[in-house]
Amino acid sequence: MTAPRALILLPGFNGAARQPILVKVAAAAGPAYTPQFPGLPRGRPSEGFERELAHLAAQVPGRSAPALVGRSFGGRVALRYARLRRVRAVVLLGFPVRPPGRPRPDDEGALLAVRVPTLIVQGDVDDRGPLEVLRPLVAKNDALELVVIEGAGHAFGRHEPRAVEAAAAFLRRASR
């Protein structure tokens, strides 16, 4: 796989475009990547993520195939974008596949449908993306890889450096 032309960073819901964990992944991923910070529209997500996907598509120059790094909600957008457009790889940091009391069958379906190399970096105490939901999905799709960060919750906290290194290592492998 050749090096992506861009590493597009997608923050968590209503998050800042320069969310620290995303900036750290971009800095650690290597010189082949050029960070872009598209930001996502504020407010409630649009139906089917149409608004968010259009906003993201406007940030991707021409026919380039970027690598996408999505933090929480940004990962939900990244997965849907990867189904519609050509991308080289996807990293999901804290994927909120099934928050307590809020099943998301569309997110589960998006994980099963993705066909590009996709890394999920998940804390083992992240209640928004329980491992008992993620592991069977990963087992059903060869494009998915799961890295579990022990002791980490949804925001990774003091375990963030391990999440950043896992994401950066995956992106470096994907660029070969």
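The values are calculated or read from the model by the stated rules, or taken from the named source; none is laboratory data. Quick caveat: nothing in here was measured; it's all calculated off a predicted structure. Cβ placement follows ideal geometry from the backbone for every residue including glycine, while neighbour counts extend to all protein chains displayed.
Details
- Among the residues of the range 142-176, those identified as of a type in the set (D, E) and part of a helix (DSSP H, G or I) are E160, E165.
- Any chance E108 is of a type in the set (D, E, K, R), within 19 Å of F13 (Cα to Cα), at pLDDT 95 or above and crowded, with 16+ Cβ neighbours inside 10 Å: yes
- Lone qualifier among V121, V116 - being assigned to a loop (DSSP other than H, G, I, E, B), out of contact with any His (no Cβ under 9 Å at 6 or more places or on another chain) and more than 18 Å from P45 (Cα to Cα): V116
- Filter pass, A139 being of a type in the set (G, A, S), under 22 Å from R18 (Cα atoms) and either outside any helix (DSSP H, G or I) or modelled with pLDDT of 95 or more (or both): no
- Output for the range 52-90, where each listed residue is free of Cβ contacts under 8 Å to residues at least 60 places away in the same chain, assigned to a helix (DSSP H, G or I) and either surrounded by 16 or more Cβ atoms within 10 Å (Cβ to Cβ) or aromatic (F, W, Y) (or both): E52, L53, H55, L56, R76, L79, R80, Y81, A82
- The set of residues in the range 154-176 that are small (G, A, S) and within 14 Å of L92 (Cα to Cα) comprises A155, A163, A166, A167, A168, A169.
- Top-ranked residue in the range 147-176 [being of a type in the set (A, V, I, L, M, F, W, C) and farther than 16 Å from V69 by Cβ; ranked as farthest from the chain's Cα centre (by Cα)]: A152
- Extreme residue, nearest to L7 (Cα to Cα), among residues of the range 156-173 that are hydrophobic (A, V, I, L, M, F, W, C) and surrounded by 16 or more Cβ atoms within 10 Å (Cβ to Cβ): L171
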